[in-house]
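Colleague: The structure under discussion is supplied below as structure tokens; questions concerning it will follow.
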Amino acid sequence: GWTRFLDLESGAASVVQVDVARIGGITPWLKVAHLAEAFNVDVCPHFLMELHVSLVAAIPNGRYVEHIPQLRAITTGEMTIENGRAVAPETPGLGIAWDRDAMDNRRVA
């Protein structure tokens, strides 16, 4: 809410760690990123690195992408890293290649 806006305005926040899955999607994520940009604050999103790498590449104040490989067991690919830097995919979509068979094998009745 407004208290987060005040954190930016007062300089109390030096990094915004917005999570696309928790904020309600890409549009609200971009709104927060641009608000942070207005206050010269870096965006370093939390979790879902495969999706966030493209979003961070799309904003001027994107700084880091967390590397949390928690989805490896249920995906068929992973984020590309070259020379220590995350690379946004060139393919369409969200960047997460779900492995439906692996997910089915973990299903609990």
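The values are calculated or read from the model by the stated rules, or taken from the named source; none is laboratory data. Please read all numbers here as calculations on a predicted model, not as lab measurements. Cβ: placed from backbone, ideal geometry, glycine included. Neighbour counts: every protein chain shown. When the accessible area is computed, the model is the full protein with side chains, heavy atoms only, and any ligands, DNA or RNA have been set aside. Shrake-Rupley method; radii C 1.70, N 1.55, O 1.52, S 1.80 Å.
Colleague: Only one of (1) under 27 Å from ARG107 (Cβ atoms); (2) surrounded by fewer than 14 Cβ atoms within 10 Å (Cβ to Cβ); (3) among the small types (Gly, Ala, Ser) is not met by ALA57, so which one is it?
Modeller: The single condition ALA57 does not satisfy is (1).
Colleague: For the range 1-65, list the helices (runs of 4 or more DSSP H) that sit wholly inside it and hold at least 2 residues that are closer than 22 Å to VAL87 by Cβ and within 14 Å of the chain's Cα centre (by Cα); which are they?
Modeller: 20-23, 26-38, 49-57
Colleague: The conditions are (1) in contact with a helix residue (DSSP H, G or I) (Cβ under 8 Å, 6 or more places away or on another chain); (2) open to solvent by less than 70 Å² (accessible area, probe 1.4 Å), and ASP7 fails exactly one of them. Which is it?
Modeller: Failing condition for ASP7: (1).
Colleague: Which of the residues that make up the range 24-53 are of a type in the set (Val, Ile, Thr) and surrounded by fewer than 16 Cβ atoms within 10 Å (Cβ to Cβ)?
Modeller: Result: ILE26, THR27.
Colleague: Please go through the range 90-109 and give me each residue that is surrounded by 12 or more Cβ atoms within 10 Å (Cβ to Cβ) and out of contact with any strand residue (DSSP E or B) (no Cβ under 7 Å at 6 or more places or on another chain), ordered by number.
Modeller: LEU94, GLY95, ALA102, MET103, listed by residue number.
Colleague: Can you work out which of the residues in the range 61-89 that are basic (Lys, Arg) and closer than 23 Å to VAL43 by Cα is least open to solvent (accessible area, probe 1.4 Å)?
Modeller: Only one residue fits best here, namely ARG63.
Colleague: What about VAL15, is it open to solvent by 60 Å² or more (accessible area, probe 1.4 Å), touching a strand residue (DSSP E or B) at 6+ places or on another chain (Cβ under 9 Å) and at pLDDT below 95?
Modeller: Yes.
Colleague: Next question, about the same structure. For the range 48-98, which positions are in contact with a helix residue (DSSP H, G or I) (Cβ under 9 Å, 6 or more places away or on another chain) and among the acidic types (Asp, Glu)?
Modeller: Scanning the range 48-98 gives GLU66, GLU78.
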